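See below for the structure under consideration.
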Amino acid sequence: EHFVNALTTNLTYFFREEHHFPILAEHLRTLSGEVNIWCCAASTGEEPYSLAMTALETASSGARLNVNIVATDLDTNVLRVGAEGIYGAEAINKLPAGMANRYFDRVDDQRWRAKPALRQMIRFQQLNLVDTQWSVRGPFDAIFCRNVMIYFDRDTQLAVLRRFAPLLKPDGLLFVGHSENFYHATDLFRLRGKTVYERVSKA
């Protein structure tokens, strides 16, 4: 476990690659009822909490949603941090105006904790994308797998993408990192917007 944790990179911050979140909000507005999102590289939790905040912001504008986020990562240490939901002032200060007070409670001068409404939307669990068995069950309305595939060779990328496709709902979206593209998987996914893909087969 320590060896695996030492190998993983955990660069993350709230609303990283921010162009994805308005696209997610727009997608959420087309949905109602139960919504399931998988965040494949949750790291210390900033990404899944950003997804949860986006969902709550969207719901406050009238969408009727019950959003569940599965947040997985290879590294158990970062998952513990995410599940605890406590962040330093430096991370919190980068949030868009007003969000810190809406979604976080001050613990002390230096630390803030995600409010229960956010924390209960997210389930943190360990998962390795290259394992033969995955402990997640679809179908998902969106999968966020950002800045993970760059560490995989092309065959591994294809294998993972083949497994993503049936886990996405027909109109579900796959969000990937800014330096990733999947021209070699055009039978599975087509580009819908900047680093956002949709399933080719809607069957």
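Bear in mind these aren't lab numbers, they're just calculated from the coordinates by the rules spelled out. Remember, it's a predicted structure, so these values are computed and weren't measured experimentally. Every residue, glycine among them, receives a Cβ derived from its backbone with ideal geometry; neighbour counts consider all protein chains shown.
Quick look at the values:
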{"quantity": "Kirkwood Rh in Å, taken over all unlike Cα pairs in the range 70-142", "calculated": "13.9 Å"}
{"quantity": "Computed lengthening from Asp153 to Arg137, 0.36 nm per intervening residue step minus Cα-Cα distance", "calculated": "3.3 nm"}
{"quantity": "Over the range 11-122: Kirkwood hydrodynamic radius from C-alpha pairwise inverse distances, Å", "calculated": "14.2 Å"}
{"quantity": "Length gained when the stretch Glu26-Asp187 is fully extended (0.36 nm per residue, less Cα-Cα span)", "calculated": "55.4 nm"}
{"quantity": "Partnerless cysteines, meaning none of the other Cys C-beta atoms lie under 4.7 Å away, in the chain", "calculated": "Cys39"}
{"quantity": "P(r), alpha carbons of the range 60-112 - 5 Å bins starting at zero, rounded %", "calculated": "4, 15, 19, 19, 21, 16, 6, 1"}
{"quantity": "DSSP loop GluC sites (Glu not before Pro) with at most 10 other Cβ within 10 Å: longest gap in the chain", "calculated": "19-203"}
{"quantity": "Percentage of interatomic Cα-Cα distances in the range 109-203 larger than 16 Å", "calculated": "60 percent"}
{"quantity": "Radius of gyration and Dmax over the Cα atoms of the chain, both given in Å", "calculated": "16.4, 53"}
{"quantity": "Volume in Å³ per residue [convex hull over Cα atoms, computed for the range 117-170]", "calculated": "105 Å³"}
